Amino acid sequence: INFTYETHPKSTKQDDLAKQALETIQANIPGEFVLAFDKAPTEKNKARTVLEKHINNFISRNSFDYFIHKDLGGFLNRELDFYIKNEVLFIDDINTENPIYFTAQLSKIKALKTVANKIIAFLAQIEDFQKKLWLKKKFVISTNYCITLDRIPESYYPEIVANQAQLEEWKVLFDVEITDVSQLVFEQFLVLDTKHFSQEFKDKLLAEFYDLDEETDGLLINSENFQALGLIKEKEHEKVNIIYIDPPYNTGKDGFIYKDGFSHSSWLSMIESRVYLTKSLLSNTGVCYTSVDDHEFSNLKGLSDTIWDEKNFVADLIWANQEGGGSSDSKLFRIKHEHILTFSKFKELVEVSGVSIGNEERYKSSDEFVLQRGKYYLQKLGMGSIQYSEKLDYPISAPDGSIIMPADNNSGKKACWRWSKNKFDWGITNGFIEIKKDSSGIWTVYTKQYFNCDNEGNIIERSQRPMGIINEFSSTQAAKLLDSLGIGSIFSYAKPVDLIKYLIARTDKKSVCILDYFAGSGTTGHSAIKLNREDGGKRKYILVEMGTYFNNVTKPRIQKVIYSDNWKNGKPQDKAGISQIFKYQVLESYEDTLNNLSLQTTSASGLLQFNQEAQEEYLLSYMLDVESEGHLFNLEAFKNPFAYQLNVTENNELVPTTVDLVETFNYLIGLYVQRMQRVKDIKLVEGKTRTGEKTLVIWRNLETTSNEETEKVFRKLYDSVRSAEFDQIYINGDHHFENVRTGDDQFKVKLIEESFFKLMFNQTEL
């Protein structure tokens, strides 16, 4: 009897589904399987059947929270000692007058420890092996790019127009129907998706870019976020300037549901492991924003104080959700606010941009020149709080030669000009000030709008520190925006784009990297793109989302907002797009790792048959590592790295899928790709590592490519001068390259296989 574990509306109860399944099976099960209805009672359910037992076990495996222990062996050994001291060996036994009884107790303890140590060793082996699989860097299953047409040479247009899958996607996403090559010239912000094209087309197109990673604006990863953060850790180490995350609030209404007794600890364990990884990605001047409500605020604050250090606490920003519904079940108050807990890596290095108070709003007028009155402008002070100054009590000459002085106010107090004589003269010379008669015929000083400058004429941008309470923006706005994009049915609690824009803008830089590893519908990426469209910035974004809606919400949203920022009923209202490239990838999951696991008896284990003690030690402590090694790292895969496959779960089925070893290795060595080229069955990846080493990686199909052919291609692309510039060269398989020593025990040419294995299992503690 086959079952699948699938998502359902939140109103659906698991007990109802189980009952329905049981009734369906009862009505259709063959007579020879009647034993399935034998009783398997529990304390609470005396009438439970064997079939019900198995259904409940299946439900439990797919819905219970579970955690891998960091050090199960150490924990159980400590617990064993505690158990023996408190349950087996009593203080009174030590002083017993019966030495035989005391000796018997010691023998009992010895026997207990002997057996228990073997059980602990075996359990620890299993748990440590699971930990190894969990921490193992995951393979990149697939890599594709979305590229606006303005970045693609027109020579590719005929092949693009001939691709029916791409044309159909454009019709669905952008309501654009392309029938002819000539139309593409007028649709420069249509987003091409390389998934619709052959590998040959993709390789040829990507080779057109001479600094591929630098020209790529965004990265979207479909993966469990712990695994994604672990894989990008080497490449993005201290490269992220802003982190914004909106994790599930653990309210029981957002899909993060655990047993009542473990809800807080489960949530904290999830957050802790990910924020711990995050810390190494954040730059020294960066900030981390985390949205949370009252349910977990105090727990998150305590955890963050530990990870980031309490001295790096920046602020507890309060978002007063305008128009939003109550977020609390409290019967006493309707709670509409949420917290945005803000920490930094080094608070003393953080610079926060103030909020502009809008010169253009202060000086807005339909006239070219406006009469200015008040505290900030050139006209008399009147009753203002500024003290009278003789330096500002200077005469101004009118065109007819008469003198204009700052007039006293109605109460008879002395007045003076707000600006110095130098500043006034600069304003006259540069056309910002005009002296003319008003409607009563009185000579009056007028200033041009937006005139707010220092004595040298430099325009002053006035701002103030941002407030800790953000009383703008609403979740209603967010929902309406998703509806206008045509993707609003799934998300009820998305954050407003303007809220995330506000947070990003507090870092007064236009070329930052923003990370969101609870990406959801993609609001953070949308916000970065919108800001770039408004001010011409080059903000990059990294979004990580594991949900099944990645392909029908998160990614399409980014494609849509690239094409236009103005949507209604899922259709663009203009074509005012923005030039973009973003890469999107799917990673191997922990479940994929387990599903592909295969234990095989090795020659090493066969040798242990000669020694019973050694055999037992092998079974209890080493078997899983030794017998899985050939599968966890298959050297045969590197003979043809373009065809290595794993069984990946798709629609509840295991599907053989080709793995992207090239992209996986780029992450492992922290390579920023500048150019990728492919010549037949040889692929060359050129770039620099995060630490600045100029690197070339050569991948080839060893079954179809000889060493001589590899060297010929290498020499053709890189002459002796250029090739000498590389600090290191990686290559798969045996080679004939001259390998010079570059330092202590370091050689210029390195084998990919050796480095791959070492870096893939370079474990970081949970």
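The values are calculated or read from the model by the stated rules, or taken from the named source; none is laboratory data. Values in this document were obtained by computation on a predicted structure and should not be read as measured data. Because the Cβ atoms are built from the backbone with ideal geometry, glycine has one as well, and the counts that use them run over all protein chains shown. When the accessible area is computed, the model is the full protein with side chains, heavy atoms only, and any ligands, DNA or RNA have been set aside. Shrake-Rupley method; radii C 1.70, N 1.55, O 1.52, S 1.80 Å.
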Only one of 335, 242 is modelled with pLDDT of 95 or more and outside any helix (DSSP H, G or I), namely 242
Need pairs with beta-carbon distance below 6 Å; first residue in a helix (DSSP H, G or I) and within the range 529-556, second surrounded by fewer than 21 Cβ atoms within 10 Å (Cβ to Cβ); sequence gap 6+ or separate chains. 531/501; 531/537; 533/578; 549/490
Quick check on the range 527-539. Is at least one of its residues more than 22 Å from residue 351 (Cα to Cα) and open to solvent by less than 20 Å² (accessible area, probe 1.4 Å)? yes
When you go through 672, 730 one by one, which is the residue that is open to solvent by 50 Å² or more (accessible area, probe 1.4 Å), within 25 Å of residue 231 (Cβ to Cβ), in contact with a helix residue (DSSP H, G or I) (Cβ under 6 Å, 6 or more places away or on another chain) and in contact (Cβ under 8 Å) with a residue 12 or more places away in the chain? 672
For residue 634, indicate whether it is open to solvent by less than 50 Å² (accessible area, probe 1.4 Å) and modelled with pLDDT under 95. no
Test result for residue 122, open to solvent by 80 Å² or more (accessible area, probe 1.4 Å), within 30 Å of residue 759 (Cβ to Cβ) and in contact (Cβ under 8 Å) with a residue 12 or more places away in the chain: yes
Name, by its number, the condition in (1) modelled with pLDDT of 75 or more; (2) surrounded by 12 or more Cβ atoms within 10 Å (Cβ to Cβ) that does not hold for residue 413. (1)
Can you work out which of the residues in the range 338-371 that are at pLDDT 80 or above and part of a loop (DSSP other than H, G, I, E, B) is most open to solvent (accessible area, probe 1.4 Å)? 351
Within the set of pairs 6 or more residues apart or between chains, which connect a residue that is assigned to a helix (DSSP H, G or I) inside the range 498-522 to a residue that is basic (Lys, Arg) with Cβ atoms less than 8 Å apart? 501/530; 504/539
Under 7 Å between Cβ atoms, at least 6 apart or on separate chains: pull out the pairs that start in the range 147-159 with a residue that is over 21 Å from residue 583 (Cα atoms) and end on any residue that is open to solvent by 40 Å² or more (accessible area, probe 1.4 Å) and assigned to a helix (DSSP H, G or I). 158/181
Pick out the one residue from 402, 397, 420 that is among the small types (Gly, Ala, Ser), in contact with a helix residue (DSSP H, G or I) (Cβ under 9 Å, 6 or more places away or on another chain) and either modelled with pLDDT under 60 or at negative phi (or both). 420
Can you tell me how many residues in the range 133-170 are over 23 Å from the mean Cα position of the chain (by Cα) and basic (Lys, Arg)? 1
Residue that is farthest from residue 266 (Cα to Cα) [pool: residues in the range 218-251 that are open to solvent by 10 Å² or more (accessible area, probe 1.4 Å) and among the hydrophobic types (A, V, I, L, M, F, W, C)]: 219
Is there a residue being β-branched (Val, Ile, Thr), more than 20 Å from the chain's Cα centre (by Cα), part of a helix (DSSP H, G or I) and under 27 Å from residue 221 (Cβ atoms) anywhere in the range 563-585? no
Cβ contacts < 8 Å: first residue farther than 16 Å from residue 473 by Cα and acidic (Asp, Glu), restricted to the range 313-335; second residue part of a loop (DSSP other than H, G, I, E, B) and at pLDDT 75 or above, any location; separation 6+ or different chain. Result? 316/468
Which numbered condition in (1) out of contact with any His (no Cβ under 7 Å at 6 or more places or on another chain); (2) open to solvent by 20 Å² or more (accessible area, probe 1.4 Å) is the only one that residue 165 fails? (1)
For the range 144-177, give me the residue count where each residue is part of a helix (DSSP H, G or I) and out of contact with any helix residue (DSSP H, G or I) (no Cβ under 8 Å at 6 or more places or on another chain). 7
Return yes when residue 38 is under 44 Å from the mean Cα position of the chain (by Cα) and at pLDDT 90 or above and no when it is not. no
May I ask you to list the residues in the range 510-546 that are more than 19 Å from residue 481 (Cα to Cα) and among the charged types (D, E, K, R)? 510, 516, 535, 538, 539, 540, 545
Return the residues of the range 702-712 that are in a loop (DSSP other than H, G, I, E, B) and open to solvent by 40 Å² or more (accessible area, probe 1.4 Å); say none if nothing qualifies. 702, 703, 704, 706
When the range 679-701 is checked residue by residue, the ones that are open to solvent by 60 Å² or more (accessible area, probe 1.4 Å) and touching a Lys or Arg at 6+ places or on another chain (Cβ under 8 Å) are 688, 690
First in the range 614-625 and without any contact (Cβ under 8 Å) to a residue 24 or more places away in the chain, second anywhere and open to solvent by less than 70 Å² (accessible area, probe 1.4 Å) and assigned to a helix (DSSP H, G or I), Cβ under 6 Å, 6 or more apart: 614/608; 615/608; 618/608
Residues of the range 296-320 being assigned to a helix (DSSP H, G or I) and either more than 23 Å from residue 265 (Cβ to Cβ) or among the hydrophobic types (A, V, I, L, M, F, W, C) (or both), which ones? 297, 300, 303, 307, 308, 311, 312
Total residues in the range 56-73, condition in contact (Cβ under 8 Å) with a residue 40 or more places away in the chain and over 28 Å from residue 136 (Cα atoms): 0
Subset of the range 640-683 [under 29 Å from residue 596 (Cα atoms), modelled with pLDDT of 95 or more and in a strand (DSSP E or B)]: 671, 682, 683
